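Here's the structure we're looking at; comments come further down.
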Amino acid sequence: MPSMLYLDAARMGRMAPTAQLALREFVRVAGEEGCTLYSEKFLRDGFSAWPSHLQSRYPGLRSWAGIAELKAALAAFAGLSFISPPLLAGRSANLAKLAARQLFRNGGTALATDLTWPSYADILQRTARKAKGRIECLRIRARILRREISPRQLIETMVDRFHARRCTGLFFSHVSHDGICLPATEIVRAFRQAAGNSFIAVDGSQAVGQVPLRLSELPCDFYLAGCHKWLGSHLPLGIGFCPNAATRSEIQSACAKYLSRGTLDDPLLAFVHGLETGKLRRFTETVNVSPLFALRGALRDHGPEEDTYDLYHRRTAIAEMVARIGHMTGWSPLLPDKDFRSAAVLLQATCPEVRRWSPQVLRERFHELGIALTCYRGGILRLSAPSKPFTTHEAGMLVNALALVQLRARQCSQRARLVYA
């Protein structure tokens, strides 16, 4: 097996070094101490709440300063200028359910696009049916990939459709799963001017850790994110930001209500809420808290805001090079205009045989050649640009893999035709 060139951060990112250290140390605590009297204090108040003998025994958890500090660090990382503690959940899908319930709390119609992640689209549809609401889907993906629409035209189209269908809410992806980056700040500002107090939810699952965030300038009501992709915590954990001060308390109250009723089933979300309010339930499901430590470690490795901008520019430059390599080796880059690009690149096979392969078969072919990436039907690859430029060896690996996969597919097809003849 050759060394692996990992280009799959948009699916599951590599774990950041400080996240690894914190998780290893937590595993030691779990093995050597178990769940002691100090566990709750440690989770709520952090490393300093431990007795000195535990601090000296497990120094790798020094980065943990408690739930409140983690939330403050997340808010600062997301560019929130006011105190806005985010929600933390074991599954981001549960936060998507919360967002959907707020979108359809009075029924009505919500505008969405065909860039929505399929599982979130299903959540929206199910919630709309229960609330006797509906989804108005605006199809923009093909137009963006064909470069038929500019960011300004996109915003005008969205606002026009919103008014024409008398919508009451908006849900869209900041960066789609196939790498299309929408002008989220400009979209939200336009809707705030044109649609007043309409509820706006944004899926930032592919944006957090990739795109520099300034949520104080993006006044949506709910910004849904995760930390196991570009952020590098590796362990899934949902994050829900409430950038709009006018609706923040309403969303948090709704979350508390759904948790108390048991209609929002997320043990971690309930556990964190109980720690913060001092109302831990006596009988509750056992909670996996390890993602909290991994997330805090990953945030430390991202550093200040300037580092995030530098990282994004490096990644987008590498993504441009990946597109050129794809074109050079016989793949078709599916590139929108620069204003819509992110650090993820789509390449489509020109070889008909490769286009007929299942995504799993195509992914295995690249894995055999030392490349980790995501594959879709129709011979489409998604490659996530790494944080560091390719070495000569890594660039060679990518060129070799892209060329060989199509070449071998053609050769196999030719041999099969000869045998059949």
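Data table
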item: Some residue of the stretch 131-147 being more than 23 Å from Ala10 (Cβ to Cβ) and free of Cβ contacts under 8 Å to residues at least 24 places away in the same chain; result: no
item: Enumerated strands (runs of 3 or more DSSP E) restricted to the stretch 344-398, each holding at least 2 residues that are assigned by TED's automatic domain parsing to the domain that holds Ala323 and in contact with a Cys (Cβ under 9 Å, 6 or more places away or on another chain); result: 380-384
item: The stretch 339-355: number of residues that are buried (at least 24 other Cβ atoms within 10 Å of the Cβ) and of a type in the set (Asp, Glu); result: 0
item: Test: residue in the stretch 240-254 that is hydroxyl-bearing (Ser, Thr, Tyr), in the same structural domain as Arg91 (by TED's automatic domain parsing) and in contact with a helix residue (DSSP H, G or I) (Cβ under 7 Å, 6 or more places away or on another chain); result: no
item: Residue in the stretch 188-210 that is more than 18 Å from Ala343 (Cβ to Cβ) and of a type in the set (Asp, Glu) present; result: no
item: Failed criterion for Ala75 (all others in (1) surrounded by 20 or more Cβ atoms within 10 Å (Cβ to Cβ); (2) over 30 Å from the mean Cα position of the chain (by Cα) hold); result: (2)
item: Among residues of the stretch 374-394, those that are touching a strand residue (DSSP E or B) at 6+ places or on another chain (Cβ under 9 Å) and either β-branched (Val, Ile, Thr) or under 14 Å from Ala323 (Cβ atoms) (or both), counted; result: 8
item: Among the residues listed as Ala401, Ala409, the single one being in contact with a Phe, Trp or Tyr (Cβ under 7 Å, 6 or more places away or on another chain), assigned to a helix (DSSP H, G or I) and surrounded by 20 or more Cβ atoms within 10 Å (Cβ to Cβ); result: Ala401
item: Test: residue in the stretch 289-309 that is closer than 30 Å to Ile149 by Cβ, of a type outside the set (Lys, Arg) and either surrounded by fewer than 17 Cβ atoms within 10 Å (Cβ to Cβ) or within 23 Å of the chain's Cα centre (by Cα) (or both); result: yes
item: Selection status of Ser358, crowded, with 20+ Cβ neighbours inside 10 Å and at pLDDT 95 or above; result: no
item: Residues located in the stretch 361-395, provided they are surrounded by 17 or more Cβ atoms within 10 Å (Cβ to Cβ) and among the β-branched types (Val, Ile, Thr); result: Ile371, Thr374, Ile380
item: Residue that is outside any helix (DSSP H, G or I) and more than 23 Å from the chain's Cα centre (by Cα), where the choices are Ile135, Ile149; result: Ile149
item: Residue under evaluation Arg324, criteria (1) part of a helix (DSSP H, G or I); (2) in contact (Cβ under 8 Å) with a residue 24 or more places away in the chain; (3) not β-branched (Val, Ile, Thr); (4) not assigned by TED's automatic domain parsing to the domain that holds Gly79, criterion not met; result: (2)
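Quick grid of which residues meet (1) free of Cβ contacts under 8 Å to residues at least 60 places away in the same chain; (2) touching a Cys at 6+ places or on another chain (Cβ under 7 Å); (3) assigned to a helix (DSSP H, G or I); (4) under 22 Å from Lys279 (Cα atoms):
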{"residue": "Cys35", "(1), (2), (3), (4)": "yes, no, no, yes"}
{"residue": "Leu43", "(1), (2), (3), (4)": "no, no, yes, yes"}
{"residue": "Ser56", "(1), (2), (3), (4)": "yes, no, yes, no"}
{"residue": "Gly60", "(1), (2), (3), (4)": "yes, no, yes, no"}
{"residue": "Ala68", "(1), (2), (3), (4)": "no, no, yes, yes"}
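The values are calculated or read from the model by the stated rules, or taken from the named source; none is laboratory data. The model shown is predicted, which means the values in this text are computed figures rather than measured ones. Glycine also receives a Cβ, built like all others from the backbone with ideal geometry; neighbour counts cover every protein chain displayed.
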